[in-house]
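Okay, structure first, notes after.
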DNA sequence: TATTGTTATACTCTATAACTATA
DNA sequence: TATAGTTATAGAGTATAACAATA
């Protein structure tokens, strides 16, 4: 099934029945965070689909670009991805010709990650698509709410 | 490897991890939403574990409490759960003696959902645990940011 | 002994199709 | 024909454990 169809199916399921009341859930931040996260996930993945990326692969590319030579564990740790899962994700990116894995000279157990020229080109396109997505989020949330949300949430410290 | 060298190596690794820069991700709401959602999910599930619930089962109980007699499809639609998955979730709740499924009199294909006395008792306990979780979120985010986030995100309209 | 990358496995979540009983 | 609930299955995502090479 094409991604657009899958996205529509998800929308249909997510659509709320107007008669249903959510009780206490309406006062819990977690409920609204989950709802927004769901919408954002769908929208950003749709935006990245034409260049054959999803938001996880994009996040990995962007992190490698900002930290050339970083190891798989460092990137995985920064993004909250299991190192076991990172292997297959990097395999995808490598097979697509977007990244290189080179043996680290300081520590021959580790791989130093880097972008290929093609990787840099695709990342540039991805950042254009993601910027457009970000504007859609801001428009749908309202400029004031968008600014409020970004300010508030960016100050949250995880463990 | 001597101890002093090992200590230095560990420091170097730690410093490298701390040095990881997330690039453009730091200006994207989606990144912070995902990060917060992940923390909230873990914390609320830990809070509900002692009464053998998770946040999905709790959300279903709360929605049934607010809409007695609602059908499986109505509750599933309101919470963004596939109706196929809802079956197993309701099986769990029914087996735990928290809900009842009764044939609807208006439409004999449908189940009218309701809480048992035990379901109401457990939901009461769950709401105490979730309220404590909500306070942890507010404290960690800061009172002002918590209010800002709740205001901003609750105004987001999904499709 | 510990760590990096890797493979393997199991479990959950999501999406879809197909079936049954009703409408 | 269509819908509510159900079953079955396939594909992701997540969490572990174990192993080889290296520290």
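The C-alpha atoms of chain A define a longest principal axis, and helix A:55-66 lies at about 50 degrees to it. Counting only other chain Cβ atoms within 10 Å of each residue's Cβ, the peptide B:138-146 averages 3.
Would you mind calculating the gained length between residue A:125 and residue A:155 on full extension (0.36 nm times residue separation, minus the Cα-Cα distance), in nm to one decimal?
Working: separation 30, 0.36 × 30 = 10.80 nm, distance 2.87 nm.
Extra length available between residue A:125 and residue A:155 comes to 7.9 nm.
Helix B:83-95 and the longest principal axis of the C-alpha atoms of chain B enclose an angle of approximately 80°. Here the relative contact order of segment B:53-159, from alpha carbon pairs under 8 Å that lie six or more residues apart, stands at 24 percent. Position residue A:77: other-copy label points at 4.8 nm, ordered by increasing distance, label point 7 Å along Cα→C-beta.
What separates the residue B:26 label point from its copies, with the point 7 Å along Cα to Cβ, is 3.9 nm, written shortest first. The calculated pair-distance distribution of segment B:81-159 uses every alpha carbon pair, bins of 10 angstrom beginning at 0, and gives 15, 27, 28, 25, 5, 0 percent. Taken residue by residue and averaged, Cβ atoms of other chains lying within 10 Å of the Cβ of A:78-89 number 1. Cα centroids of segment A:78-132 and segment B:80-106: 43 Å apart. Could you tell me how many degrees, from 0 to 90 and to the nearest 10, lie between the Cα long axis of helix B:143-154 and the main elongation axis, the longest principal axis, of the Cα atoms of chain B? Taking Cα atoms only, the helix is inclined about 50 degrees. Shielding of peptide B:107-115 by partners, expressed as the average count of other chain Cβ atoms within 10 Å per residue Cβ, is 0.
Within chain B, the proportion of Cα pairs with more than 26 Å between them is 47 percent. Shape analysis of the protein assembly as shown yields a ratio of the Cα radius of gyration to the Kirkwood radius, Rg/Rh, of 1.03.
Computed from the coordinates by the stated procedures, all read-outs in this text should not be read as laboratory data. Model, not experiment: these values are computed from the prediction. Please note: Cβ atoms are built from the backbone with ideal geometry, for glycine as well, and neighbour counts cover all protein chains shown.
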